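The values are calculated or read from the model by the stated rules, or taken from the named source; none is laboratory data. None of these values were measured; they are calculated from a predicted model. No Cβ is skipped: glycine too gets one built from the backbone with ideal geometry, and neighbour counts run over all protein chains shown. Quick note on the areas: whole protein, heavy atoms, side chains included, nothing else; ligands and nucleic acids left out. Shrake-Rupley method; radii C 1.70, N 1.55, O 1.52, S 1.80 Å.
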Amino acid sequence: FDAELRCVHTRCAGAVTFAEVRAHFRELEADVSLPPRLDVLLDLSEMQSLPETQQLEVLVGDIRRVASRVAWGACAVVAVDDALFGMSRMFEVFAEQQFERTRVFRDASMARNWLAQGGRSA
């Protein structure tokens with residue numbers, strides 16, 4: 001968590017389990033130090049597992065639950081693997097009502113730049 005930028009940087013590497021992802025959201029929900037608004041950089045560039053569609057839908061519910069404490073700003077997702085990029089685009093559609101803006105990138109520096117510009121650049 002970068003307090004100055006008000007951004008949570010989540011990095012998923014290896015064979016990430018659904019239970020691990022849900023635990024991350026429970027940790028966020030319990031964190032009293034979170035600011036009122038928060039951007040997200042979700043780096044999946046080293047992730048080797050692939051979520052199922054139903055899991056993405058459940059995670060959107062988790063995101064909605066955390067939103068009772070934090071207003072979600074922009075969400076940048078980094079996915080280099082083709083299948084994971086596709087699932088991330090699906091997540092983008094499922095989660096569009098939870099974030100101000102969401103975008104999937106193949107490159108982490110482009111994702112960081114997009115967030116630094118308020119999630120508004122092309």
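Quick notes on this one:
- Estimated translational D of the chain in µm²/s (Stokes, Kirkwood radius over Cα pairs; 20 °C; 1.002 mPa s): 149
- Divided by 2.2 N^0.38 Å, where N counts the residues, the Cα radius of gyration of segment 40-91 comes to 1.18.
- Ordered from largest to smallest accessible area (heavy atoms of protein chains, 1.4 Å probe), the residues 42, 50 come out as 50, 42.
- Accessible surface of residue 101, taken over heavy atoms with a 1.4 Å probe and every protein chain present, rounds to 60 Å².
- Solvent-accessible surface of segment 1-121, taken per residue with a 1.4 Å probe and all protein chains present: 55 Å².
- Look at the alpha carbon pairs under 8 Å that are at least 6 residues apart: their mean separation over the length of the chain gives a relative contact order of 25 percent.
- Expressed as a whole percent, the accessible surface of the chain that belongs to carbon and sulfur atoms is 51, based on a 1.4 Å probe.
- In this Cβ point-charge picture (+1 for Lys and Arg, -1 for Asp and Glu), the chain has a dipole of about 360 debye about its Cα centre.
- Heavy-atom accessible area, probed at 1.4 angstrom with all protein chains present, ranks 88, 49, 109 as 109, 49, 88, highest first.
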